[in-house]
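Remarks on the structure that follows.
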Amino acid sequence: MLAAIDVGSNTVRLLLGDVVQGEVQPIAYERRITRLKGGQTEDGLAQDAMDRTLSALDFFSKTILKYNPDAITVVGTEALRSAANRKQFVDMVLHKTGLDLKIISGSEEATLSARGALSVVAPTPGHAIIIDIGGGSTEIILTKGMDVLFRYSCPLGVVRLVEMEHGPSVDDFIGSILKDLSRELSARHLMETACCPQTSIIGTAGTITTLAALDLEMTTYDWRRVNNHKLPATRIDEYIHKMTPMSVQEREQLPGLEEGRGDLILPGLMVLKNMMQTFVKHELIVSDFGLLEGLILQSADSVAIH
């Protein structure tokens, strides 16, 4: 058995699982919304955000002990890459929990996320755009088979968008960022591949799996039903129209929408809608798997070697 923890900008997640014939078989899964990036300034992560995240990691470390896995991998992503006090936080995690937190690069994150997300999409698409809408950033990965052709990280994280108080409207901001993305793809002669009707668009991580849970009206989350769930673009428009006039509390009463996501779901849907328009896609394939499963698969490779 193997364990992996992802310390994200909005959510801290733990997965324990086995790898059978190249596929991750989850055994236990935990997550806590801690908003690590919430309130981040030039001085670094906010103290209360670090405290919330440390508390979650302490709980996870105790959970892991019950399973005695062969290997434990703990990674931090965008919130920690951009934090001035990241070393202080890494040291705090080691001291309080015994967990060895590694901050991975955007390139490593893309490769691992793509491997995890694609591992459950059947059949594996020849080309795919994988979208991971996180708390601090949105990651876009263009793949050919399992190989990453292009990766791009843009500041369209849902926590960041919720906290935007000044400047252009969220819609204009999203549009501006996606124009930059289109220019990058065009400069590398990949825009045509991205927009090709045969290139699938696959969504992973919180916003998109929450959308799938809403669409399936799940009162108890089941990753088996979420994997390969297909959402037409028209359904995304319907959810935006439905939830825009609702309060945060009203949204969180909807089956499938967990507490803590009521204010985040709408900006996430706006990013997704604009992304699908940019790449001329009419249907989204959902993958519950991503970075955590990629870490488990990588860890399994390492354990097999040793």
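Sequence neighbours fewer than 8 away in the same chain don't count; with that in mind, list the aspartates and glutamates whose C-alpha is under 14 Å from Lys144.
Glu192
List the pair-distance distribution P(r) of the chain, using every Cα-Cα distance, as the percent of pairs falling in each 20 Å bin from 0 up to the bin containing the longest distance, rounded to whole percents.
34, 61, 5
If you take the beta carbon distance between Asp237 and Leu149 as r and set R0 to 35 Å, what does 1/(1 + (r/R0)^6) give as a FRET efficiency, to the nearest 0.05?
0.75
State the extension gain, in nm to one decimal, for the chain segment bounded by Lys96 and Glu42, taking 0.36 nm per residue of separation less the distance between their alpha-carbons.
Between Lys96 and Glu42, full extension yields an extra 16.9 nm.
Could you state the per residue volume, in Å³, of the convex hull enclosing the Cα atoms of region 215-260?
76
With each label point set 7 Å from Cα along the Cα-Cβ vector, what nm distance links Gln88 and Ser176?
It is 3.0 nm.
Under 25 Å Cα-Cα from Lys96, which lysines qualify once same-chain neighbours fewer than 8 residues away are excluded?
Lys37, Lys62, Lys66, Lys87
Which stretch or stretches of region 194-232 have amide N atoms under 12 Å from the point lying 7 Å from Glu250's Cα along the Cα→Cβ direction?
none
On the accessible surface of the chain, probed at 1.4 Å, how many percent belong to carbon and sulfur atoms?
Ligands and nucleic acids excluded, carbon and sulfur give 50 percent.
For region 66-159, just run the numbers: alpha carbon Rg, then divide by 2.2 N^0.38 Å, N being how many residues it has.
That ratio works out to 1.25.
Can you give the FRET efficiency for Ser107 and His189, using 1/(1 + (r/R0)^6), R0 = 22 Å, r = Cβ-Cβ distance, to the nearest 0.05?
It comes to 0.65.
Roughly what % antiparallel, to the nearest 5, for the DSSP beta bridges in the chain?
The antiparallel fraction comes to roughly 70 percent.
About its Cα centre, how strong a charge dipole does region 5-156 have in debye, to the nearest 20, once Lys and Arg get +1 and Asp and Glu get -1 at the Cβ?
Dipole magnitude for region 5-156 comes out near 160 debye.
The values are calculated or read from the model by the stated rules, or taken from the named source; none is laboratory data. Here the structure is a predicted model, which is why all the values come from computation and not from measurement. Neighbour counts run over all protein chains shown; Cβ positions are idealised from the backbone, glycine included. When the accessible area is computed, the model is the full protein with side chains, heavy atoms only, and any ligands, DNA or RNA have been set aside. Shrake-Rupley method; radii C 1.70, N 1.55, O 1.52, S 1.80 Å.
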